[in-house]
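**Student:** The structure that follows is given in the form of structure tokens.
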Amino acid sequence: MKLYRPATVLVGVLFILLGGLTRLATPDHVYEKQNVEVVHGTIGEKLPYGDSSVTITRMKFAKTVVESSAGEDDEPMETDGVFVALEWDAVRGVTEPLAGNPTLRADGGTIYRPLGITESGVDFPDPGFAQIGAVVFEVNPSDLKGLTLRLDPAPLYNVLYVAIDVDLGIPSEEVAQRLVDGAAAQYVFGNREVRVA
């Protein structure tokens, strides 16, 4: 029978303890990755984003989109699918939040990116202020089940950051079809408004 030196055993025990402490520091139910905390919520729920917060206040389905600053000769944007507009309210804390990249994710794995409209996105104002705005997506009407808004900042290695998942409340294809059938003829995309928080 081979005996190990005490130093070898001590090093092995040390690695086991370090591994256990690492697992305690990053539990699976809170972090998807070691440096990403995901906050889950629903429409109307104020969600923490560092010391700032974001609330998705309303979801609208529309057949066309027009910017409020468009002239009389400008045509509204049209789609073979449907537009999903998400209106948000962001309150800025002291620490500057990492820039958020909003995407829509369906149960089937499809990821939708925002339309290339001026000011279509989620941003934060200066500290002590709040801002409202909207982000608009063009989506496939047959791929709406389980639709979730993901606000995911560009990752920085070895820096803890927060991502947000907002369940948009579309549990089935039947609910999705009702929302598409009731889509407004037009969604007017307005300018952002800033107020004192």
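The values are calculated or read from the model by the stated rules, or taken from the named source; none is laboratory data. Since the model is a prediction, treat every value here as computed from it, not as a measurement. Every residue, glycine as well, gets a Cβ built from its backbone with ideal geometry; the counts of neighbours run over all protein chains shown. Surface areas here come from the heavy atoms of the whole protein model, side chains and all, with no ligands, DNA or RNA. Shrake-Rupley method; radii C 1.70, N 1.55, O 1.52, S 1.80 Å.
**Student:** According to the square roots a ≥ b ≥ c of the eigenvalues of the Cα gyration tensor, what is the shape class of the range 32-101, taking rounded for a/c under 1.5, prolate for a/b larger than b/c otherwise, and oblate for the remainder? Mind showing how you got there, number by number?
**Tutor:** Numbers: a/c = 2.59, a/b = 2.07, b/c = 1.26.
It comes out prolate by the Cα gyration axes.
**Student:** Under the rule a/c < 1.5 gives rounded, and otherwise a/b versus b/c splits prolate from oblate, where does the range 103-197 land using the Cα gyration tensor?
**Tutor:** Working: a/c = 2.27, a/b = 1.34, b/c = 1.70.
Note, shape of the range 103-197 comes out oblate.
**Student:** Give me a comma-separated list of calculated 3J(HN,Hα) values for the range 172-177, in order, Karplus coefficients 6.51, -1.76, 1.60 applied at θ = phi - 60°, integers in Hz, x for any Gly or Pro.
**Tutor:** In residue order, the calculated couplings are 8, 5, 5, 5, 4, 5 Hz.
**Student:** Over the range 38-197, with every protein chain in place, what whole percent of the accessible area is carbon and sulfur at 1.4 Å, could you tell me? Kindly include the intermediate steps, with their values, before the conclusion.
**Tutor:** Numbers: 4050 of 8340 Å².
C and S fraction of accessible area: 49 percent.
**Student:** Using per-residue counts of other Cβ atoms within 10 Å, averaged over each peptide, order 86-96, 41-51 from highest down.
**Tutor:** Per-residue mean Cβ counts within 10 Å order the peptides as 86-96, 41-51.
**Student:** OK, next. If the cut-off is 15 Å between C-alpha atoms, which aspartates and glutamates fall inside it for LYS63, apart from same-chain ones fewer than 8 positions away?
**Tutor:** GLU75, GLU78, ASP80, GLU138, ASP181
**Student:** Does the range 75-144 classify as rounded, prolate or oblate by the C-alpha gyration tensor (a ≥ b ≥ c root eigenvalues; a/c under 1.5 gives rounded; else a/b over b/c gives prolate, otherwise oblate)?
**Tutor:** Since a/c reaches 1.5 and a/b is larger than b/c, the shape of the range 75-144 is classed as prolate.
**Student:** Note down the magnitude of the dipole of the range 70-141 about its Cα centre, charges +1 on Lys and Arg C-beta and -1 on Asp and Glu C-beta and zero elsewhere, to the nearest 20 debye. Mind dumping the intermediate values first?
**Tutor:** Values: 3 positive and 14 negative charges, 112 e Å.
The calculation lands at about 540 debye.
**Student:** Still on this model: First select every other residue whose beta carbon is under 9 angstrom from the beta carbon of ASP107; then total the charges, Lys and Arg +1, Asp and Glu -1. Provide the component values of the computation, followed by the final result.
**Tutor:** On the way: positive: ARG105, LYS145; negative: ASP143.
Result for the local shell: +1.
**Student:** Which chymotrypsin sites (Phe, Trp or Tyr not before Pro) from the range 129-189 combine a DSSP loop assignment with at most 12 other Cβ atoms within 10 Å? Spell out each step's value before the answer.
**Tutor:** Details: sites: PHE129, PHE137, TYR157, TYR161, TYR187, PHE189; in loops: TYR157.
For chymotrypsin sites (Phe, Trp or Tyr not before Pro) across the range 129-189 that sit outside H, G, I, E and B with at most 12 neighbouring Cβ atoms in 10 Å, the list reads TYR157.
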